[in-house]
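The values are calculated or read from the model by the stated rules, or taken from the named source; none is laboratory data. This structure is a prediction, so every number in the text was calculated from the model and none was measured. Positions of Cβ are backbone-derived with ideal geometry, glycine not excepted, and every protein chain shown enters the neighbour counts.
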Amino acid sequence: MCNEHAYTRRIFLQKGLTMVSAAATVPYFIQSSAFGLTDPFDLLQTSSIAGKPQDRILVVVQLGGGNDGLNTVVPFGDDQYYRARPQLGIPANNVLRFGGGADGIGLHPNLTGLKELHDDGLLATVQGVGYPNPNRSHFTSMDIWHTANPQQPSGNGWIGRYFDNTCNGTPEPNAEIAIGREAPKAMMGDLNKPVSFETADLFRWIGEDLHNSLGEPYEEINRGGDRVEGVKAGTQLEFLTRTALNAQIASEQIRNAVRVRPLVEYPRNQLGQQLQMVGSMIRAELPTRVYYVTISGFDTHAGQAGSHANLMTQVGSALLAFLKDLKAQGNDGRVLTMTFSEFGRRVKQNASQGTDHGTAAPMFLLGPMVRPGVLGPHPSLTDLDQGDLKFGIDFRCIYAAILESWLKADSRKVLKGAFRPAVIFNKSV
Amino acid sequence: MPTATLKPLRPDAFGHWEANHLLRRAGFGGTPDQVRLLVEWGLDRSVDYLIKYREIPTEAIKPDDFRGDIMTPPSPEERLAYRKAQEAQDEVTLERLRRLRQERQRQDRQQVRAMQQWWLKRMIETPRPLEEKMTLFLHGHFATGYRTIENSYHMFLQNQMFRKYAVGNFAELCFQIIRDPAMLAFLDNNESHKRQPNENLARELMELFTLGEGNGYTENDIKEGARALTGYSFEGNEFLFREDFHDDGQKVIFGKRGTYNGDDFVRLILGRTQCSEFIALKLYRFFVNDLPGPVEPAVKTFILNLAREMRSNKYDLAPVLGTLFRSEHFYDEANIAAEIKSPVQLVVEAVRSLKTPILDLNILVDALELMGQDVFFPPSVKGWVGGRSWINTSTLFVRQNLLTHLLTGRLPSGFRGSSTRSKFDAMHLLAHLTKGSDGEYAQTEAVDFLLKSCLGAKPLEARRATLLEFADSNGGRVNNELIIGMLCLITAMPEYQLC
């Protein structure tokens, strides 16, 4: 039996179960004092990182499947749009026009929520976002957006690298939370991995309820981490033991947070429910810096009009409720929200009343800190690359701006290259 | 370091851990008795038993096990009625017809749910584990999702096709996949027309099903392949070649010119070395090691050797799998208990090896979804990524909780279903242990035996100590309650997730 194990048991006898959970994880936390966690034993606090109450938060909304940018931000002033999309084109009269409609673009008719945010100066619409030599495979292009590396889109994600770069070699549990089944690659760092779950109720072991003698051995088994003798570096077992430890810590904090009823009504759709959970966790002041939510269904190869319209309703209504909630909480100033999709869709509709995989598309940034309005020109519908839009701005310039201005990090380290930060924030940020 | 060659394992090296490994990887594990039997049989007979399963009788699947007429397209009369109602702006009739359609969709969703249970039950009960294991592999490989096609019977037909070709000929399966209604609907080829070919099937056929992304083809090959595949469609539950949709013009694929159709396109793909290499890699990841780190040169060479074996057997999978399951490489220490169990593996293996009662299939299917492997609903055409992507902090809890449920009947909130009192008799697991003179099992022996039966490799010393202390704190008598308690703890160990 190794020494750490003996130590754990001694502490347990002296101080009981709560302390055992802290003691067993000291090596992970002791350096967290650099972030203001002065007392490593005070783990069950649900407040934000001590000394940094105004910490900024990023919420990423992933639109999976390739959102049709041209039917999201609609170039209704361009006849070419209607020629390419005789059936799928949104009639000009239905478009929610930006300003007076003089620039010939506007939002999908179901994006009334976003239109309201636009009118309130809380929405930045960045047009024509993409990257060179676009890849039209869902998975590869999604990986490119997640890794921020079009040349070799494998390995770590950009958010994971951000945490790896700022954490002085010690992972911050709960720093990043993804709502959903799978932890997104974007949040995977070498050290830092996201907490992820679909419903907080499932986020604990039920065996402890069976008999009180099971709690202690369960803790020993799951809180040992990779320090248990015989666990070799780089193996699946090492990965599993670390994940088991992270699960124990995160479980306690998160279940407390989401029990609280939100201040505003959220729509009962998938995205609405996910953002409601994020809103609750922000309100509970978890020390989480990045939240990630995902909806899919945007791969509209056939019969696009109806399904895309429903998705637009969902996006608009959920984001509007979320921003209202943050305002009611008084947290709006510290939460930046960003939407993206792996690619847009081809300019021309196909024979199945749908659209095939394309390239550049708009991104939305939301919150009072963004430079409101429409940023960048709409991509040309005639100057195309193999039937697809040419991008106007590299997505890594958006990431760079978020990293530099919002998260106050060195974007060159995270993005492994220099990208000129896009001007997406108002001057005070 | 595993060997790069396909040479077989020495017969005398086939012991408990090797037999256990084979039974888990080529199937879904087994009881301590079954593992003992395999050791007794030896390597060759064990591998033959798993692969030549056609000799083993099993429950036949009949075409009418599920209804094939729920999602049939509207009849000419129905279509006419709908058109008339539309012209007359007869909202009442239109609403009634819409309701009928919705009712069918509801029934169909019920049927796909029943199919999920049916398949899971089959995997748990089958006397031919490799047949179901390969069917699962092919489902993940040619991943088709119900949510997109909304036709449960087409999913059923596809599932039967995978079972038919499970250890059959992969090339023949590829010719069938471009005729499969579920696949044609899923990748939108059913409406692909020579005027506007839909590239979806052609792209995924090469990227995900046969060659691997960017592995020896160009964007132009995709466009030309899409032309070759135009007209490959279906009507009702049958393949249909729509001659008027098909582009019979000249195409250039892989630099070769011809008036290729979809079958020619598949033939050209199968002729590429990259195809056998990609399939060998996929089989390796599924059966041997999911390769979380960089691939060692010896492993790479082994996969290339396996690919050569596949080419010389003209894509016949039985001899290839036979070579794989006999190889020394397969049993190398680096590959034993080196994979993370898929959710299906976790559930099916637990029930098969521990013989826990199946309390409610609904709950098991629900748990599969929460753990990220909702069968018939793969997350995308890429299938399930597997490996570390199965595990995050939350799926780990679902995994632990599901095992606790199987052992005790307890249920966490969030599942559809309710707690039941389990009637699990765990004492049967110890049937071959000898009792002491006091008529009781010795604690240490029971702990060691349970760890050996549940885990894929030698247990960590710390776990043994934890279990012994747990037994002590409960009075030490080895009874049904104590065994169940110990099994709850063993199945909550991080290493229990390994296969």
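May I ask you to list pairs of residues, at least six apart or on different chains, whose Cβ atoms are under 8 Å apart, with the first in the stretch B:469-495 being within 23 Å of A:PHE239 (Cβ to Cβ) and the second being aromatic (Phe, Trp, Tyr) and at pLDDT below 95?
The qualifying pairs are B:ALA492/A:TRP205.
Kindly provide the set of residues from the stretch B:283-298 that are closer than 16 Å to B:THR323 by Cβ and away from chain A (no Cβ under 14 Å), ordered by number. So that I can check it myself, show each step before the final result.
Kept after step one, since they are closer than 16 Å to B:THR323 by Cβ, are these residues of the stretch B:283-298: B:283-284, B:286-288.
Those that are closer than 16 Å to B:THR323 by Cβ and away from chain A (no Cβ under 14 Å): B:LEU283, B:TYR284, B:PHE286, B:PHE287.
Please specify each residue of the stretch A:141-151 satisfying the condition of being touching a residue at least 24 places away in the same chain (Cβ under 8 Å) and out of contact with any helix residue (DSSP H, G or I) (no Cβ under 7 Å at 6 or more places or on another chain). If you could, list the steps in order and put the result at the bottom.
In the first step, residues of the stretch A:141-151 are kept if they are touching a residue at least 24 places away in the same chain (Cβ under 8 Å); the result is A:141-149.
Within the stretch A:141-151, A:SER141, A:MET142, A:ILE144, A:ASN149 qualify.
Give me the pairs, please: first residue somewhere in the stretch A:75-93 and closer than 22 Å to B:GLN196 by Cα and touching a residue at least 40 places away in the same chain (Cβ under 8 Å), second residue anywhere and aromatic (Phe, Trp, Tyr) and assigned to a loop (DSSP other than H, G, I, E, B), beta-carbon distance under 6 Å, and either six or more positions apart or on two chains.
Between residues of the stretch A:75-93 that are closer than 22 Å to B:GLN196 by Cα and touching a residue at least 40 places away in the same chain (Cβ under 8 Å) and residues that are aromatic (Phe, Trp, Tyr) and assigned to a loop (DSSP other than H, G, I, E, B), there is no close pair.
Quick check: is even one residue across the stretch A:200-207 at the interface with chain B (Cβ under 10 Å from one of its Cβ atoms), in contact with a strand residue (DSSP E or B) (Cβ under 9 Å, 6 or more places away or on another chain), buried (at least 18 other Cβ atoms within 10 Å of the Cβ) and outside any helix (DSSP H, G or I)? First the steps, then the outcome.
In the first step, residues of the stretch A:200-207 are kept if they are at the interface with chain B (Cβ under 10 Å from one of its Cβ atoms); the result is A:200-207.
Within this subset, residues satisfying the condition of being in contact with a strand residue (DSSP E or B) (Cβ under 9 Å, 6 or more places away or on another chain) are A:203.
If we keep only those that are buried (at least 18 other Cβ atoms within 10 Å of the Cβ) as well, we get A:203.
Right, trim to outside any helix (DSSP H, G or I) and you get A:203.
Scanning the stretch A:200-207, I find at least one residue that is at the interface with chain B (Cβ under 10 Å from one of its Cβ atoms), in contact with a strand residue (DSSP E or B) (Cβ under 9 Å, 6 or more places away or on another chain), buried (at least 18 other Cβ atoms within 10 Å of the Cβ) and outside any helix (DSSP H, G or I), so the answer is yes.
Does B:PHE209 fit the bill of being over 30 Å from A:LYS348 (Cα atoms) and either part of a helix (DSSP H, G or I) or within 14 Å of chain A (Cβ to nearest Cβ) (or both)? Before you say what the answer is, go through the steps one by one.
Values: over 30 Å from A:LYS348 (Cα atoms): no; either part of a helix (DSSP H, G or I) or within 14 Å of chain A (Cβ to nearest Cβ) (or both): yes.
No.
For residues that are buried (at least 19 other Cβ atoms within 10 Å of the Cβ) and in contact with a Pro (Cβ under 8 Å, 6 or more places away or on another chain), scanning just the stretch B:290-308, find the one that is farthest from B:TYR165 (Cα to Cα).
If we take residues in the stretch B:290-308 being buried (at least 19 other Cβ atoms within 10 Å of the Cβ) and in contact with a Pro (Cβ under 8 Å, 6 or more places away or on another chain), then B:VAL299 is farthest from B:TYR165 (Cα to Cα).
So which residues in the stretch A:69-83 are within 28 Å of A:LEU326 (Cβ to Cβ) and in a loop (DSSP other than H, G, I, E, B)?
A:THR72 - this is the single residue of the stretch A:69-83 that is within 28 Å of A:LEU326 (Cβ to Cβ) and in a loop (DSSP other than H, G, I, E, B).
Going through A:PRO86, A:PRO53 one at a time, which residue ends up being assigned to a loop (DSSP other than H, G, I, E, B), at pLDDT 95 or above and surrounded by fewer than 17 Cβ atoms within 10 Å (Cβ to Cβ)?
On the way: A:PRO53 fails: at pLDDT 95 or above.
The conditions single out A:PRO86.
All but one of (1) within 15 Å of B:ALA492 (Cα to Cα); (2) away from chain A (no Cβ under 11 Å) hold for B:LEU403; which doesn't?
B:LEU403 satisfies every listed condition except (2).
Can you name every residue in the stretch A:223-250 that is more than 7 Å from chain B (Cβ to nearest Cβ) and assigned to a helix (DSSP H, G or I)?
Those that are more than 7 Å from chain B (Cβ to nearest Cβ) and assigned to a helix (DSSP H, G or I): A:ARG223, A:GLY225, A:ASP226, A:ARG227, A:GLU238, A:ARG242, A:LEU245, A:GLN248, A:ILE249.
I'd like the residue in the stretch A:364-407 that is free of Cβ contacts under 8 Å to residues at least 40 places away in the same chain and part of a loop (DSSP other than H, G, I, E, B) and, out of all such residues, is nearest to A:ASN71 (Cα to Cα).
A:SER380
Taking the condition surrounded by fewer than 23 Cβ atoms within 10 Å (Cβ to Cβ) and either under 24 Å from B:PRO379 (Cβ atoms) or more than 14 Å from every other protein chain (Cβ to nearest Cβ) (or both), does A:ALA318 pass? Write out each step before concluding.
Values: surrounded by fewer than 23 Cβ atoms within 10 Å (Cβ to Cβ): no; either under 24 Å from B:PRO379 (Cβ atoms) or more than 14 Å from every other protein chain (Cβ to nearest Cβ) (or both): yes.
It is false that A:ALA318 is surrounded by fewer than 23 Cβ atoms within 10 Å (Cβ to Cβ) and either under 24 Å from B:PRO379 (Cβ atoms) or more than 14 Å from every other protein chain (Cβ to nearest Cβ) (or both).
Look at the stretch B:244-257 and say how many of its residues are on the phi > 0 side of the Ramachandran plot and either among the aliphatic types (A, V, I, L, M) or surrounded by 13 or more Cβ atoms within 10 Å (Cβ to Cβ) (or both).
Within the stretch B:244-257, the first condition is being on the phi > 0 side of the Ramachandran plot, and the residues that meet it are B:254-255.
Next cut, either among the aliphatic types (A, V, I, L, M) or surrounded by 13 or more Cβ atoms within 10 Å (Cβ to Cβ) (or both) only: B:254.
The total comes to 1.
Any residue that is in contact (Cβ under 8 Å) with a residue 40 or more places away in the chain and assigned to a helix (DSSP H, G or I) - is there at least one of those in the stretch A:346-361?
To start, the set of residues in the stretch A:346-361 that are in contact (Cβ under 8 Å) with a residue 40 or more places away in the chain comprises A:346-350, A:352-361.
After this cut, where a residue has to be assigned to a helix (DSSP H, G or I) as well, the list is none.
No; the residues of the stretch A:346-361 include none that is in contact (Cβ under 8 Å) with a residue 40 or more places away in the chain and assigned to a helix (DSSP H, G or I).
Pairs, please: C-beta under 9 Å, at least 6 apart or cross-chain, first residue within 14 Å of another protein chain (Cβ to nearest Cβ) and in the stretch A:113-140, second of a type in the set (S, T, N, Q)?
Pairs found: A:PRO134/A:SER141; A:PRO134/A:THR359; A:ASN135/A:SER141; A:ARG136/A:THR359; A:HIS138/B:SER380; A:PHE139/B:SER380.
If I ask for residues that are farther than 20 Å from B:THR404 by Cβ, of a type outside the set (Lys, Arg) and assigned to a loop (DSSP other than H, G, I, E, B), which ones from the stretch B:457-477 would you list?
B:ALA457, B:LEU460, B:GLY475, B:GLY476
So which residues in the stretch A:408-429 are in a loop (DSSP other than H, G, I, E, B) and farther than 23 Å from A:GLY121 by Cβ?
A:LYS408, A:ALA409, A:ASP410, A:LYS416, A:GLY417, A:ALA418, A:PHE419, A:ARG420
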